[in-house]
Amino acid sequence: MDDALAPGFLIAVPQMQDPNFKQSVVFLLERNEEGALGVVINRESPMLLADLCSDHQIPYEGDADKRVRQGGPVQPEQGIVVYGEEHVDPEGHRICEGLHVSASRGTLGRLCHLKSGRFHCYSGYTGWAPGQLEREIEEGAWVHAPADAKSVLDADPEEMWAEVLRSQGIEPGALVQGGSVQA
């Protein structure tokens, strides 16, 4: 299987009306014969990371305003942490240059113990059945782009959709706003 899509970004076109994906940027983590898996990286939830840590008896030393992000509609109780390569963690694995991922509570605990750090915690994930993502791309629902650590770890979630499109030479306002697409 051609794995040129993962790791990479999937950027929702303006016609995407599904509220789970409208103006979303998905970090596609894995794609194989069983389907594809990723996390929406530009949606903050109302939950503070400090509160999530408190609920799970994890000491939190970081930014008091840092929020958990909504990684997708599948298994919202499942946590996924994406972090920079400056952090070394035995339970994580490298996805691409500058980015690692883990679904381990231990990884979250080690990262939250730091006073500063480049990482985000996501609740839930996105998933596609075999062939589903390919059909959605063929239908024009997604723009594919290479993933980069700066966008994942440092970009403002409110500005990320437009910034990632512009990084690909696409002006968001120039995309056709015609009929709707459902993911």
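The values are calculated or read from the model by the stated rules, or taken from the named source; none is laboratory data. The model shown is predicted, which means the values in this text are computed figures rather than measured ones. Virtual Cβ from ideal backbone geometry, glycine too; neighbours counted across all protein chains shown.
Quick notes on this structure:
- Applying the criterion of being of a type in the set (Asp, Glu) and farther than 13 Å from Tyr125 by Cβ to the residues of the range 9-34, the residue that is surrounded by the most Cβ atoms within 10 Å (Cβ to Cβ) is Asp18.
- Screening the candidates Gln75, Gln57 for the property of being part of a strand (DSSP E or B) and either within 15 Å of Cys112 (Cα to Cα) or of a type outside the set (Asp, Glu) (or both) yields one hit, Gln75.
- Filtered residues of the range 41-75 (kept if of a type in the set (S, T, N, Q) and free of Cβ contacts under 8 Å to residues at least 40 places away in the same chain): Ser54, Gln57
- Scoring Cys53 on the criteria (1) out of contact with any Ser or Thr (no Cβ under 9 Å at 6 or more places or on another chain); (2) within 20 Å of Gln168 (Cβ to Cβ); (3) at pLDDT 95 or above leaves a single failure, condition (2).
- Number of the exception - Leu153 against (1) of a type in the set (A, V, I, L, M); (2) at pLDDT 95 or above; (3) farther than 29 Å from Asp63 by Cα: (3)
- Single match in Gln75, Gln17 (criterion: at pLDDT below 95, among the polar types (S, T, N, Q) and over 20 Å from Ser151 (Cβ atoms)): Gln17
- Breaking point among (1) in contact (Cβ under 8 Å) with a residue 60 or more places away in the chain; (2) closer than 27 Å to Gly62 by Cβ; (3) in contact with a Leu (Cβ under 8 Å, 6 or more places away or on another chain), for Trp142: (2)
- Output for the range 156-177, where each listed residue is part of a loop (DSSP other than H, G, I, E, B) and either touching a Pro at 6+ places or on another chain (Cβ under 8 Å) or modelled with pLDDT of 95 or more (or both): Asp156, Leu175, Val176, Gln177
Yes or no, residue by residue, for (1) modelled with pLDDT of 95 or more; (2) aliphatic (A, V, I, L, M); (3) assigned to a strand (DSSP E or B):
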| position | (1), (2), (3) |
| --- | --- |
| Leu5 | no, yes, no |
| Leu28 | yes, yes, yes |
| Val39 | yes, yes, yes |
| Gly62 | no, no, no |
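- Residue count for the range 79-104, restricted to those that are at negative phi, in contact (Cβ under 8 Å) with a residue 40 or more places away in the chain and not aliphatic (A, V, I, L, M): 6
- Selection from the range 3-35 of residues that are aliphatic (A, V, I, L, M) and within 25 Å of Gly106 (Cα to Cα): Val26, Leu28, Leu29
- Leading residue by the ranking (farthest from the chain's Cα centre (by Cα)) among those in the range 41-54 that are outside any strand (DSSP E or B) and over 24 Å from Leu133 (Cβ atoms): Ser54
- 1 or more residues of a type in the set (Phe, Trp, Tyr) and surrounded by 20 or more Cβ atoms within 10 Å (Cβ to Cβ): qualifying strands (runs of 3 or more DSSP E) within the range 90-152: 119-128, 142-145
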